[in-house]
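Q: Before we start, here is the structure in question, set down as structure tokens.
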Amino acid sequence: MPGDPVTDGRPVLGVIGSGAGGVEQLRAELVEPAQQRGWNVAVTLTPTAASWLEESGELTKLEAAVELPVRVQPRMPHEKSRHPPVACYVVAPASANTVAKLALGLMDNQALTTVCEAIGGQVVPVVVFPRVNAAHARQPAWRGHLDALRAAGVHLIYGEDVWPLAEPRQAPPRRPLPWTAILDAAERAVTSTNATTRQS
């Protein structure tokens, strides 16, 4: 897997999980497959996602699966960052609330701050999978949020071809998220960024 910056020769994938359906699959379906592809994974969770995973016992398994600390709270001013620079950020699953805040630049937790800085910095690519339903998508501000993120260069995993939207509480049970498409998009984004950097 090509990409810089690296840790021990491996590119670092910054995984951001929010409180949306599917976050309980984050370790098995995104983190571990990314590791198998050669990524070192740095996970940051929103407070809601962290509480969900802690309640289910999955947080302990996630912490054991990665080499870097799982972040939730901001570091103190005198502390060094607990994560190295990353080659790409993946926000998956991204709740409707998380997508709206990213589009508006609202940074009220560590996960949002990290990704908003990356979006504004225009150096590290960002991939976002909005885990929303059809009612969320009909909310009047929704299309504007997606347009704002696209205009900022964010790679959205969104559309009927990858994730057909269901009405609230009508999605098939245990419906898998498009994890492979998400990880493939991260790798394409890094390859494209590296190619652009070499040409400049």
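What follows is calculated from the coordinates using simple rules that are stated; it is not laboratory data. The structure displayed is predicted, hence computed values, not measured ones. A quick note on method: Cβ atoms are made from the backbone with ideal geometry, for glycine too, and the neighbour counts reach across all protein chains shown.
Q: Using θ = phi - 60° and the Karplus curve 6.51 cos²θ - 1.76 cosθ + 1.60, what whole-Hz ³J(HN,Hα) does each residue of segment 49-62 get, with Gly and Pro shown as x?
A: 4, 4, 5, 4, 5, 5, 4, 7, x, 6, 4, 4, 5, 5
Q: Another one. If each Cα of segment 1-93 is one equal point scatterer, what is log10 of I(q)/I(0) from the Debye formula at q = 0.12, 0.16, 0.24, 0.25 Å⁻¹?
A: Computed log10 I(q)/I(0) values: -0.35, -0.61, -1.27, -1.35.
Q: With springs only between Cα atoms under 10 Å apart, run a GNM on the chain and tell me which of Thr46, Thr114, Thr60 wobbles the most.
A: Greatest mean-square fluctuation among the candidates belongs to Thr60.
Q: If you line up the Cα atoms of segment 98-153 on their principal axes, what length do they span on each, largest first, in Å?
A: Its Cα atoms span 32, 23, 16 Å along the three principal axes.
Q: Let me ask another. State, to one decimal in nm, how far the label point of Arg143 lies from the label point of Ala166, with both points 7 Å from Cα in the Cβ direction.
A: The modelled label-to-label distance comes out at 2.6 nm.
Q: Sticking with this structure for a sec: Take the Cα of Ala152, step 7 Å along the line toward its Cβ, and report every residue of segment 100-128 whose backbone nitrogen sits under 12 Å from that point.
A: Only 100-108, 112-123, 126-128 pass the distance filter.
Q: Still on this structure, I have one more. First check a/c for segment 125-187, with a ≥ b ≥ c the square roots of the eigenvalues of its C-alpha gyration tensor; if it is under 1.5, answer rounded, and if not, answer prolate when a/b is larger than b/c or oblate otherwise.
A: oblate
Q: Take every DSSP beta bridge whose two residues both sit in the chain, then give the antiparallel share in percent to the nearest 5.
A: 10
Q: Mind listing the long-range amide H neighbours of Val43? Cut-off is under 5 Å, sequence gap 5 or more, other chains count too, H placed in the peptide plane at 1.01 Å from N.
A: Residues meeting the criterion, in which the H sits 1.01 Å from N, are Val15, Arg71.
Q: How large is ³J(HN,Hα) for each residue in segment 182-195, as worked out from phi by the Karplus curve 6.51 cos²θ - 1.76 cosθ + 1.60 (θ = phi - 60°), to whole Hz, x for Gly and Pro?
A: 5, 5, 4, 5, 4, 5, 5, 5, 5, 4, 5, 5, 5, 5
Q: Which order, highest average first, do 98-107, 162-171, 27-36 follow once you tally other Cβ atoms within 10 Å for each residue and take the mean per peptide?
A: 98-107, 27-36, 162-171
Q: Taking 41 Å as R0, compute the FRET efficiency from the Cβ-Cβ separation of Glu54 and Ala195 and round it to 0.05.
A: Computed FRET efficiency for Glu54 and Ala195 comes out at 0.50.
Q: Could you check what % of the DSSP bridge pairs in segment 7-109 are antiparallel, to the nearest 5?
A: 10
Q: Let me ask you something else. If you take Rg/Rh (Cα atoms, Kirkwood Rh) from the coordinates, which of [x] 0.94; [y] 1.09; [z] 1.04 do you get?
A: Identified label for the calculated read-out: [x].
Q: Quick one: which residues, 5+ away or cross-chain, put their amide H under 5 Å from the amide H of Leu156? H built at 1.01 Å from N.
A: Val128
Q: How large is ³J(HN,Hα) for each residue in segment 66-77, as worked out from phi by the Karplus curve 6.51 cos²θ - 1.76 cosθ + 1.60 (θ = phi - 60°), to whole Hz, x for Gly and Pro?
A: Taking θ as phi minus 60°, the curve returns 10, 7, 8, x, 7, 9, 9, 8, x, 7, 6, x Hz for segment 66-77.
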